[in-house]
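Reading through the structure tokens given below for one structure.
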């Protein structure tokens, strides 16, 4: 007879699994205008996201290991290397699937989360205290270096996301930007400060993840308690975030006016009850159809990144589906 033995994950592996699960749960929910298990976009489907999640996992682990090393006094916080981890993660994702840019925004949000989690004390069940995690998150992003910035520029070039547009300063498409970053010693944190006004992911970095912690995560918790169905909770939270925060991925591609129209439509679905009423379900179906008419131009990709981050917080805090 086989002996059953207790199995305990090390902390870095635990963090990695939490974040990988968050990616999988996010893509598995049939959110309007996004890739899910039923429908995708031309050239990109759910399999590309699943492969991306698996490819990213070891990089989340590395970020957590670096956070642990800092907490033990083995490295300086500036040596965590968020930029190189992000770049290598994106390169690995690119090598493992052929669907183009799948997780760039999520990876940029998750790598600091993983490092901060490594720095954060837990109980014996490896449940993280989120207020302490958030304090460490602020420390780790503010300690980034010019080398981190250069590495993230390289990551963006690898991912080649649509709708980049032209930045007012240090444009990623300008070959001179990397030289200026090195010469002027511009940290990744400072680069993201420049981009924060037009990119929610960058704004999360420099403002200590306010949409994730203060809005998306509490709404996700509330929706899970209210509905008892994770898919419904994710969709409703997605709609609430989109209604309050126009999606900057859409805004960069087709303008802020169109992004606000999409937010208004999301708010209408919520007002009609979402998946909890027949009229809400019909409105959601119509909303999804509108978003998919122009292929990926109206894909609320940044909102999906925020939802993935909220799921990550919930899972790090002990939630299991």
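The values are calculated or read from the model by the stated rules, or taken from the named source; none is laboratory data. Just so you know, these numbers come straight off a predicted model, no measurement behind them. All Cβ positions, even for glycine, are placed from backbone atoms using ideal geometry, and neighbour counts span all protein chains on display.
Data for the structure
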{"read-out": "Residue in the stretch 195-214 that is at pLDDT below 95 and part of a helix (DSSP H, G or I) present", "value": "yes"}
{"read-out": "Filter result for residue 317 (at pLDDT 95 or above, touching a strand residue (DSSP E or B) at 6+ places or on another chain (Cβ under 7 Å) and surrounded by fewer than 24 Cβ atoms within 10 Å (Cβ to Cβ))", "value": "yes"}
{"read-out": "Residue satisfying condition, being part of a helix (DSSP H, G or I), over 23 Å from residue 22 (Cβ atoms) and out of contact with any helix residue (DSSP H, G or I) (no Cβ under 9 Å at 6 or more places or on another chain), within set 282, 268", "value": "282"}
{"read-out": "Residue satisfying condition, being touching a residue at least 12 places away in the same chain (Cβ under 8 Å) and surrounded by fewer than 19 Cβ atoms within 10 Å (Cβ to Cβ), within set 100, 105, 73, 67", "value": "100"}
{"read-out": "Subset tally (residues that are part of a loop (DSSP other than H, G, I, E, B) and surrounded by 19 or more Cβ atoms within 10 Å (Cβ to Cβ)) for the stretch 76-97", "value": "3"}
{"read-out": "Residue check, residue 48 touching a strand residue (DSSP E or B) at 6+ places or on another chain (Cβ under 9 Å), assigned to a helix (DSSP H, G or I), surrounded by fewer than 24 Cβ atoms within 10 Å (Cβ to Cβ) and modelled with pLDDT of 95 or more", "value": "no"}
{"read-out": "Any pair with Cβ under 7 angstrom, 6 or more apart, that starts in the stretch 40-60 at a residue that is at positive phi and ends at one that is crowded, with 18+ Cβ neighbours inside 10 Å and modelled with pLDDT under 95", "value": "43/99"}
{"read-out": "Those residues of the stretch 220-249 which are under 15 Å from residue 314 (Cβ atoms), free of Cβ contacts under 8 Å to residues at least 24 places away in the same chain and either crowded, with 21+ Cβ neighbours inside 10 Å or in contact with a strand residue (DSSP E or B) (Cβ under 6 Å, 6 or more places away or on another chain) (or both), in sequence order", "value": "223, 233"}
{"read-out": "Residues that are crowded, with 17+ Cβ neighbours inside 10 Å and in contact (Cβ under 8 Å) with a residue 40 or more places away in the chain, drawn from the stretch 204-218", "value": "204, 205, 206, 209, 211, 212, 213, 216, 217"}
{"read-out": "Those residues of the stretch 111-133 which are assigned to a helix (DSSP H, G or I) and within 26 Å of residue 93 (Cβ to Cβ), in sequence order", "value": "111, 112, 113, 114, 115, 116, 117, 118, 119, 133"}
{"read-out": "Any chance residue 126 is touching a helix residue (DSSP H, G or I) at 6+ places or on another chain (Cβ under 9 Å), under 23 Å from residue 73 (Cα atoms), surrounded by fewer than 22 Cβ atoms within 10 Å (Cβ to Cβ) and in contact (Cβ under 8 Å) with a residue 60 or more places away in the chain", "value": "yes"}
{"read-out": "Meets criteria (in contact with a strand residue (DSSP E or B) (Cβ under 6 Å, 6 or more places away or on another chain) and buried (at least 23 other Cβ atoms within 10 Å of the Cβ)) for residue 120", "value": "yes"}
